[in-house]
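The next block holds one structure in the form of structure tokens; read it before the comments.
Quick note: the coordinates plus some simple rules give every number you see, no bench work behind them. All values derive from a computational prediction rather than experimental measurement. Using ideal geometry, Cβ is built from the backbone for each residue, glycine included, and neighbour counts are taken over all protein chains shown.
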Amino acid sequence: MLQHFSFKPMFDNTQLPGWTFSFFFRNTRYTGDYLPEGTIVWTGETPPEEENLKKMIHELMIFHVYD
């Protein structure tokens with residue numbers, strides 16, 4: 001389960017899409033960029049169970065950003 005998930009726009013001009021995010025998973029902090037087409041680019045270490053975490057991140061972004 002993801003803990004302490006947070007995100008913010010990549011750019012000061014919020015009309016330009018793209019977000020940076022971070023979260024903790026198994027006591028390790030992971031960071032990445034969420035691009036407008038739904039692509040996730042890890043800016044640090046790639047987490048274990050990457051595909052499951054990508055699904056969780058997509059769900060959170062849809063709920064928080066596109067709602």
Could you calculate, for the chain, the ratio of the Cα radius of gyration to the Kirkwood radius, expressed as Rg to Rh?
-> 0.94
Once you put a point 7 Å from the Cα of Glu45 and another 7 Å from the Cα of Lys8, both along the Cβ direction, what distance in nm separates them?
-> 2.4 nm
Among the chymotrypsin sites (Phe, Trp or Tyr not before Pro) within the stretch 27-67, which fall in a DSSP loop and have no more than 16 other Cβ atoms within 10 Å of their own Cβ?
-> Tyr66
Return one number: the angle in degrees, 0 to 90 and rounded to the nearest 10, between the long axis of the Cα atoms of helix 50-64 and the longest principal axis of the Cα atoms of the chain.
-> 40 degrees
